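Each reported figure results from applying straightforward, stated rules to the coordinates on display, with no laboratory input. Being a predicted model, the structure only gives us computed values, none of them experimental. Neighbour counts are summed over all protein chains in view; Cβ atoms, including those assigned to glycine, are modelled from backbone coordinates with ideal geometry.
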Amino acid sequence: MKRVTVRQSPVHGKGVFALLPLRAGERIFEYKGMVTTWREAARWYARRSDSGHTFLFGLSDGRVIDGGRGGNGARWLNHACAANCEAVEGDGRVFIEAIRDIAPGEELFIDYALEIEQQADDDAQRDYACRCGAPLCRGTMLGALASGALVLAV
Ligand SMILES: [Zn+2]
């Protein structure tokens with residue numbers, strides 16, 4: 001039975017929502033997609049002008065999983081600073097797991113901790129402003145994680 005579904009999100013574009021109760025620590029699904037290099041992905045997306053969403057997930061070995069090619073519903077996960085899910089990497093694969101119990105109907109979020117190549121300038125800070133509404137909201141989707149984070153196509 002399907003545990004999650006993708007539909008319009010009140011936060012941003014499409015989102016992933018629980019259909020069944022999910023338990024803390026439960027593995028929900030894999031972040032699927034084509035495993036490629038940063039360079040190849042950057043080239044691929046530079047040729048396309050329609051990418052309003054970020055589907056690249058940075059692996060600790062420097063490669064990326066491109067959810068935009070061969071990906072599944074996991075690519076629609078939205079960002080929240082107080083996320084209810086996290087991404088766990090192992091053997092070059094990434095799995096999305098619940099951090100806490102999640103009720104049916106709740107939207108699933110991970111903390112993107114987005115990385116950008118250069119020091120974030122004011123425009124970038126504005127582009128990636130977070131309005132998740134959490135009491136501890138950082139005010140930005142940018143983060144300091146070295147790996148295991150969603151990253152940007154350039
Ligand atoms: Zn936030």
Along principal axes, largest first, the alpha-carbon spread of region 14-112 in whole Å comes out as 40, 30, 23
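Counting only other residues whose beta carbon sits under 15 Å from that of A98, what net charge do I get with K and R as +1, D and E as -1? Provide the component values of the computation, followed by the final result.
Working: positive: R3, R23, R27, R100; negative: E26, E30, E86, E97, D101, E106, E107, D111.
Every neighbour counted, the sum reads -4.
Let's test the formula: R0 of 30 Å, r as the Cβ-Cβ distance of D91 and L20. What FRET efficiency results, to the nearest 0.05? It would help to have the intermediate numbers written out before the result.
On the way: r = 27 Å, r/R0 = 0.91.
Calculated value: 0.65.
Sorting D66, D91, D61 on the 10 Å Cβ count, fewest up front, what's the list?
Numbers: D66 22, D91 5, D61 10.
Fewest-to-most ranking of D66, D91, D61: D91, D61, D66.
Which of the trypsin sites (Lys or Arg not before Pro) found in region 1-76 are in a DSSP loop and have at most 11 neighbouring Cβ atoms, other than their own, within 10 Å? Display every interim value, and only then the final one.
Values: sites: K2, R3, R7, K14, R23, R27, K32, R39, R43, R47, R48, R63, R69, R75; in loops: K2, R3, R23, K32, R47, R48, R63, R69.
Loop-located and lightly packed - K2, R23, R47, R48.
Order of L56, L20 from fewest to most other C-beta atoms within 10 Å? Don't jump to the answer; show the numbers that get you there.
On the way: L56 25, L20 11.
With the sparsest Cβ surroundings first, the list reads L20, L56.
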Under 16 Å by backbone N from the virtual spin label 7 Å along Cα-to-Cβ at R3, the residues of region 93-109 are 94-109
Most exposed first, judged by fewest Cβ atoms within 10 angstrom, L59, L142, L19, L114 run L19, L59, L142, L114
The long-range amide H neighbours of L114, using H built 1.01 Å from N in the peptide plane and a cut-off of under 5 Å, are L142, G143
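Taking the Cβ of F17 as the centre, find all other residues whose Cβ is under 13 Å away and add up their charges (Lys, Arg: +1; Asp, Glu: -1). Kindly include the intermediate steps, with their values, before the conclusion.
Values: positive: K2, R3, R7, K14; negative: E106, E107.
Once positives and negatives cancel, what remains is +2.
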